[in-house]
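Peer 1: For reference, the structure I am asking about is given below.
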Amino acid sequence: MPSATVNKPRPSELLSRLTSAEPEVKVRALREVKNQIIGNRTKKLSFLKLGAVPAVAGILADSIDDVAENNNCNNTNNFLVQSAAALGSFACGFDAGVQAVLDAGAFPNLLRLLANPNEKVVDAVARALRMIYQSKLAPKYDFLQQKNMEFLISLLNSEKETVSGLGASIITRSCETNLEQKALFDAGILRRLNSLLEGGSLSQRDASLESLATVFRNNPEVISKFAGPEIGRPLSSIIDLAKDRYPRTRLLACMCLIVIRNASPHFLQDIGIKTKLIHILLELLDDPGQVGDEAPFAFSSLIAQKEDLQKLALEANAIDKFHHHIKKGSLHPRRYEGILLALADMCSKLESCRFKFLSLQVLNLVADALTDYNAGVRAAACICLKSVTRSIKNLSAGYFMNETIVIPLVQLFLDPSTSVQVAALGATSNIVVDFTTRKSIFVQCGGMKQLVQLAKSMESSVRSNALWALKNFVFQADNRLKEGVFSELTASLLSSLIRDPEPSVQEQALALVRNLVDGCINLIEFVFAEDGLILGAIGRQLQCASKAEIGIQGMYALCNVASGNEFHREAVMQLLFTQMGDKNQSFVVKFLQSNDSQLRTATVWTIVNLTCPSSPGAPCRLEKLRNAGIVSQIKNMVNDPCVDVKLRVRTVLGQSMAFGDN
């Protein structure tokens, strides 16, 4: 006969039982709460809404008081074990649960119970605290206080696996600064972690690997000390663990080695180790669980910005492997995102990688990812597109300016996620450079108008990236397209963006003006629209430029204006010499004396255009420049270390001599 179905108590019923005066009823209710919520986010949320966490935290607190008063030890220990286990279950992999546990004031009570004489209580409490320390919401532990360091050492020295593992988890979540890393090393913590690597259980090894990676991150000094003779053969131990039979251990060992190599490139230089790391991480992609989800992120951190490793990865058929996994479909969003980011890093530098990417038709799969339901996947697809479109060769071939790519990208301009918007704009910035005549596709899809709207966004990162895309869109574009963009933007909006409070927005707005007025002389009239709003904004911004990049773009904008007619040159001269009192000694001289060679180049080039011998007003302008000390400064730059600057300086001085200046 089939067994009868047992109805589980509803959350509201269990909550009422937690207040029962009967100890057995209360313990069973705690156990049932724990069992119902394990691995079930929906159930956790239901219990959270009913206020279950404060109720469980209250039982824990009352039981601690009972321990102090020596009341009914067995019942009390049961309450402690079950309430700690329930709190740990709420916190496990669920930030809302972690926050609820912290808000209920349970955290300090859990810490106190680590000193409880009952092993079952300590084990349950340590497990609960480890669940909390898996979250970024976990309270930061201050290692710089002596008593805290002593407590951490006592945890790591514990014979209880859960307790020593907790100590390692606290390090992983709390160690952030170089000072803290050094303090942990000086206290002998790394020696203890290394001993757990070599003689600990599986759980202890994994926790130690995570902790070591945290202590090593961006700290070559600590890595050098750890790898020295003082501790033994620790790097060999980590390398050996990268070949362990357990997938998670292999992944964590690889991640630790990657952190070491990224911080101290002179370690792990052997090509065999590099190749092995690549192959291990590609193999781990086949793991069906969390290890497979995290492997592509580790792969990215290994090869990012490293051409030698990208070449090795290409030889290991990494792009084929990633293509195979995406093509299979039904990927966990985390794994899908990681693979797209890994492809982005693979294609960030080498044409050979981009060629492989395009030849396998991975582009079509990435285009599909632009419409994925997961925001992380959509953003990663955009980042991947941005890497692939760095190729002038492929842009010239017109592979990307088509409706399959452009339409979903433009739709992402209105994505509810700011990170997706910024990533979409980043990809668009490359695609719209397209050297073919297909830019009209972007206009027809509404892309240009959307970029103008995004330039008004409340988010500075969106404004900046929208302007970057517009800047590239008008690069070497025909007059009609530029006129259309300027008509949408208007002089008032563009001048306000030049004066934006964010330097990155100022820079991109000036760069957009630079590209808009480059070319036909009629385009220069843009800066004189609405009584010269844009030209005035450029001048004011150059007077108080907060960084060299703003000066560079502003001076190149003026350089292009000065390439026009006499009226244009005189307008630039007037701007350069406006408000030149003691307080604002010519920013031109300041720019010529800058340490930034690009700023010096842009400034000298502007002077070249202002003093062109074929221009009737050149002698008068040259005299003004001489009186302002600008020509003498240029004479001091004849041996400038930058070749571009040196060439432009010689041009200015040659033009000056044409007017009789020695």
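Peer 1: Note the angle between two axes, namely the Cα long axis of helix 271-284 and the longest principal axis of the Cα atoms of the chain, as a number of degrees from 0 to 90, rounded to the nearest 10.
Peer 2: Its long axis makes an angle of about 60 degrees.
Peer 1: Give me the dipole magnitude in Debye, nearest 20, for region 9-139 about the Cα centre, with unit charges on the beta carbon: positive for Lys and Arg, negative for Asp and Glu.
Peer 2: Around 620 debye, computed over region 9-139.
Peer 1: How far is the Cα center of region 462-511 from the Cα center of region 78-94, in Å?
Peer 2: Centre-to-centre (Cα) distance: 55 Å.
Peer 1: Using the alpha-carbon atoms, what tilt in degrees (0 to 90, nearest 10) does helix 23-37 show relative to the longest principal axis of the chain?
Peer 2: The two axes meet at around 40 degrees.
Peer 1: Mind checking the dipole of the chain: about its Cα centre, +1 per Lys or Arg Cβ, -1 per Asp or Glu Cβ, Debye to the nearest 20?
Peer 2: 620
Peer 1: Among (i) 28.6; (ii) 32.2; (iii) 29.6, which is the computed Kirkwood radius over Cα pairs in Å?
Peer 2: Evaluating Kirkwood radius over Cα pairs in Å on these atoms matches (iii).
Peer 1: Among Ser135, Val517, Ala106, whose Cα lies farthest out toward the positive end of the dipole of the chain, if unit charges sit on the beta carbon of Lys, Arg (+1) and Asp, Glu (-1)?
Peer 2: Val517
Peer 1: Continuing with the same structure: Using a 1.4 Å probe, what is the accessible area per residue for the chain, in Å²?
Peer 2: I get 44 Å² per residue for this part.
Peer 1: Give me the distance between the Cα centres of region 257-325 and region 20-58, rounded to whole Å.
Peer 2: If you average the Cα positions of each part, the centres end up 43 Å apart.
Peer 1: A further question on this structure: Helix-only estimate, please: 222 nm mean residue ellipticity of the chain, summing -39500 (n - 2.57) across DSSP H runs of length 4 or more and dividing by its residues, to the nearest 500.
Peer 2: -21500 deg cm²/dmol
Peer 1: Roughly what angle does helix 418-431 make with the longest principal axis of the chain, taking Cα atoms, 0 to 90 degrees, to the nearest 10?
Peer 2: The angle comes out near 40 degrees.
Peer 1: Not counting the cut sites, what is the longest span of the chain without GluC sites (Glu not before Pro) that DSSP labels loop and that have at most 16 other Cβ atoms within 10 Å?
Peer 2: The longest such stretch corresponds to 231-458.
Peer 1: Expressed as a whole percentage, what fraction of the accessible surface of the chain belongs to carbon and sulfur atoms when a 1.4 Å probe is rolled over the protein heavy atoms?
Peer 2: On the way: 14650 of 29270 Å².
Percent of accessible area from carbon and sulfur atoms in the chain: 50.
The values are calculated or read from the model by the stated rules, or taken from the named source; none is laboratory data. Predicted model, so just to flag it, every value in this text is computed and none were measured. Methodologically, a virtual Cβ is constructed for each residue, glycine included, from the backbone with ideal geometry; neighbour enumeration extends over all protein chains shown. Surface accessibility is based on the protein's heavy atoms, side chains included, excluding ligands, DNA and RNA. Shrake-Rupley method; radii C 1.70, N 1.55, O 1.52, S 1.80 Å.
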